[in-house]
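The values are calculated or read from the model by the stated rules, or taken from the named source; none is laboratory data. Everything numeric in this text was worked out from a predicted model, so none of it was measured. With ideal geometry, Cβ positions are generated from the backbone for all residues, glycine too; neighbour counts draw on all protein chains shown. What goes into the accessible areas is simple: the full protein's heavy atoms, side chains included, and nothing from ligands, DNA or RNA. Shrake-Rupley method; radii C 1.70, N 1.55, O 1.52, S 1.80 Å.
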Amino acid sequence: MQLRMLIIACLLLVPMSVPAADEEYGYPIPGAYEATILGTPSNLMPTFPAKMHTRQLLLDAVPGREKPTVFFYDEGLSCTFAFQKKKAPLVFLIAGSGSNDRASKLLTMMKAFYSQGFHVITLPSPTHANFIVSASQSRIPGDLADDAADLYRVMEIAWNEVQGDIEVSSFNLCGYSLGASEAAFVAKLDEERKQFNFRKVMMINPAVSLYGAAARIEELLQHIPGGPEKEGAFFNRMLSKFSQYYRYGNFVDINEDFLYSIYQSRLFSPQETGGLIGLTFRISLAGMIFASDVMTNSGYVVPKNRVLTATEPLSDYFMVCTHLSYFQYFNEYFYPYFQKRRPGLSKEELIKAESLSSIEGYLKSTDKFGVMANENDFLMSAAELDYLRRLFGERLKVYPRGGHLGNLEYKDNLAYMVAFFR
């Protein structure tokens, strides 16, 4: 069981100029699924100074909120603050779906910016339980406008917390995956409120359409033997392969080097690797659904008015949640809530609202944006990649491989990211 939880945790952390980058690009993993899971081998990541001035922020983002007993451990919204001893630009970093403020990719980005003289504040994803419990006004994540408003409020609170300790020359914003899409909506909100007047905004592997991206992840589960209904047996088989490889290898930790070695051994077929991505998405989605359901007392999974204690076993609720697809969440929980808030709202209108096309005019009107994407990102259709090319033109950088976020920590990608803000 301990090994299983370590693998789950590890995988959860794993959660264009117009032409593509040339074929001399050194990121080594060609397969989209493999790259997504394995990320960047450690020898291809940059090295950073060991010492950073950091501190953890615990923010009271919704004053007076009463939190259910089951979330007894949640003492406030957790953000990580890295600061320079001199005047410097500050960049807010938004995590990807299901990730907290100390996700491995987010911390690598923080180190990259810090090493080049930036102040940094990392923010958890609005889909992470800590954000749902401590910062979400609706407590129902997934609406880009609502989530952006929550993120913006959190940024204001974080800035009020630290502004007496640092000097800031400019404010900037960066996010990856879902966090990239949210960054676009946060920037648009800032144009109206003008609290930060963001100088530069970078979107890394954004989802053009949240619904479309989630649908493509769900499709990966169709590739496993027996389809989604057999996901438990599939996971156990994958776990067995992990365990056998670990037992006969010379590994101390289950880390990215271990996973990269598994990739080199050809232990998984492409279909199995894709199914594994689908499973990690379901695990992340399960945590989001559970936290939202408890916070709203909606009765979707946990019976209405059922008080969960701090010691109550949650495994049955977790298993129910892992078998809920994104489509079920959207149709049975998410859409009904927004339909009540916006009478007459159709599903098609809501799906469009959760896409970059809903703020296309704004994205076309400003040159503060930069976008990084991968040619083989399976969460994006060819048509959507072409849409990004038309929308952003020379502000868009496309790499030939990397899957979804697999090359985010690659040294060339990080160098390009930081250089954009210079």
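Which parts of the stretch 272-308 would a label at F327 reach, counting a residue when its backbone N lies under 18 Å from a point 7 Å out along Cα-to-Cβ? Once the point is set 7 Å along Cα→Cβ of F327, 275, 278-279, 281-283, 285-286 turn out to lie under 18 Å by backbone N, inside the stretch 272-308. Distance from the Cα centroid of the stretch 96-160 to that of the stretch 308-361 is 20 Å (rounded to whole angstrom). When S78, S42 are compared by accessible area of protein heavy atoms, the largest-first order is S42, S78, using a 1.4 Å probe.
Annotation for Y335 and N197: the two label points, set 7 Å from Cα along the Cα-Cβ direction, are 4.4 nm apart. The stretch between S170 and V307, if pulled fully straight at 0.36 nm per residue, gains 44.7 nm over its current Cα-Cα span. Per-residue extension of 0.36 nm, minus the Cα-Cα distance of A383 and Q163, leaves a gain of 74.9 nm for this segment.
In whole Å, how far is the Cα centre of the stretch 178-199 from that of the stretch 363-422? Here the answer is 18 Å between Cα centres.
Take every Cα pair under 8 Å whose residues are at least 6 apart in sequence, average their separation, divide by the length of the stretch 354-417, and the relative contact order is 36 percent. Stretched out straight at 0.36 nm per residue, the stretch from K352 to A145 would grow longer than its current Cα-Cα span by 73.3 nm. Cross-link partners for K368 among the lysines, with Cα-Cα distance under 21 Å and sequence neighbours closer than 8 places in the same chain left out: K188, K194, K200, K397. Note on K86 and N43: their simple-model spin labels are 3.6 nm apart, each label 7 Å out from Cα toward Cβ.
Site pair S365 and L58 shows an inter-label distance of 4.2 nm when each label is modelled 7 Å from Cα along Cα→Cβ.
The residues of the stretch 301-422 expose, per residue, 47 Å² of accessible area to a 1.4 Å probe. When the accessible area of the stretch 50-136 is computed with all protein chains present and a 1.4 Å probe, what percentage of it is carbon and sulfur? Carbon and sulfur: 48 percent of the exposed surface of the stretch 50-136.
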